[in-house]
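Below is one structure; the comments refer to it alone.
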Amino acid sequence: MLDVLDRILDRLEEWIICFLIGAATCITFVAVVHRYGASNSVVLSTWAKVHGLIWLSLAADWVYVSLTSINLSWAQELATYMFVWMAKFGAALGVRTGIHVGVDVFVRRLAPAARTPVIVFALACGALFTGIIGTLGAIYVYELDGDQTSPELEWPSWIIYLCIPLGSYLMCFRFLQVMWRFLRLGVVPHQGHGIDYQPAVPATSLAEPAR
């Protein structure tokens with residue numbers, strides 16, 4: 001049951017990140033095309049009038065009126081919030097997959113048996129730090145004025161800042177998960193091109209692959 005729940009959480013985490021980064025990219029692209037299309041249509045209309053191309057000038061004026069009638073002032077704000085949420089959940093994904101930048105020169109020089117307390121201490125510090133950030137973020141969200149809204153979207157501010165406790169607590173959970181798997185299997189997630197950490201436990205206990 002725990003393994004099934006863990007897989008569901010993994011997929012949900014990945015789907016949220018993919019949706020947020022994909023939607024934010026599309027919204028940003030549409031907003032940029034809208035802005036430059038409206039401004040350049042004015043330039044094109046002026047140029048066409050100077051050169052006697054009345055039909056082109058009318059077409060450019062129609063494009064300008066059509067684009068300016070669409071209000072996309074909220075697009076940049078929404079895309080920014082999406083990227084912030086994506087970054088918070090992506091940080092948790094980075095802990096799970098081991099893609100965060102880390103300096104491990106000192107750890108690699110230690111004997112396999114001496115690496116265990118150092119790695120556990122580092123993971124525990126990460127869990128403690130993200131747990132504190134999540135708690136402070138939850139307190140901040142709880143104390144926010146319920147009438148406070150965002151400038152363009154006019155969404156309640158607590159919805160926007162909710163990514164701080166959610167993302168930080170998820171990251172804290174991932175640190176604890178990695179630490180538990182390291183103590184049980186003797187390996188940590190690692191995406192680098194160097195040599196992985198050698199197991200801190202006998203090889204016979206590594207029959208089950210680490211996720």
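Under 6 Å by Cβ, and 6 or more places apart or on different chains, what pairs join a residue from region 16-40 that is touching a residue at least 60 places away in the same chain (Cβ under 8 Å) with one that is open to solvent by 50 Å² or more (accessible area, probe 1.4 Å)? Qualifying pairs under 6 Å: LEU20/TRP85; ALA24/PHE83. You will find that of ALA114, ALA31, ALA24, ALA59, the residue that is closer than 30 Å to TYR169 by Cα and more than 14 Å from the chain's Cα centre (by Cα) is ALA114 and no other. Of all residues in region 37-89, those satisfying the criterion of being open to solvent by less than 80 Å² (accessible area, probe 1.4 Å), part of a loop (DSSP other than H, G, I, E, B) and at negative phi are LEU53, LEU72, SER73. Here ARG174, ARG96, ARG108 are screened, and the one residue that is in contact (Cβ under 8 Å) with a residue 24 or more places away in the chain and more than 20 Å from LEU12 (Cα to Cα) is ARG108.
The helices (runs of 4 or more DSSP H) located wholly in region 91-186 that include 2 or more residues which are touching a helix residue (DSSP H, G or I) at 6+ places or on another chain (Cβ under 8 Å) and open to solvent by less than 40 Å² (accessible area, probe 1.4 Å) occupy 112-142, 163-185.
The values are calculated or read from the model by the stated rules, or taken from the named source; none is laboratory data. Treat the numbers as computed from the prediction; the structure is a model and nothing was measured. Neighbour counts run over all protein chains shown; Cβ positions are idealised from the backbone, glycine included. For accessibility, only protein heavy atoms count, side chains too; no ligands or nucleic acids. Shrake-Rupley method; radii C 1.70, N 1.55, O 1.52, S 1.80 Å.
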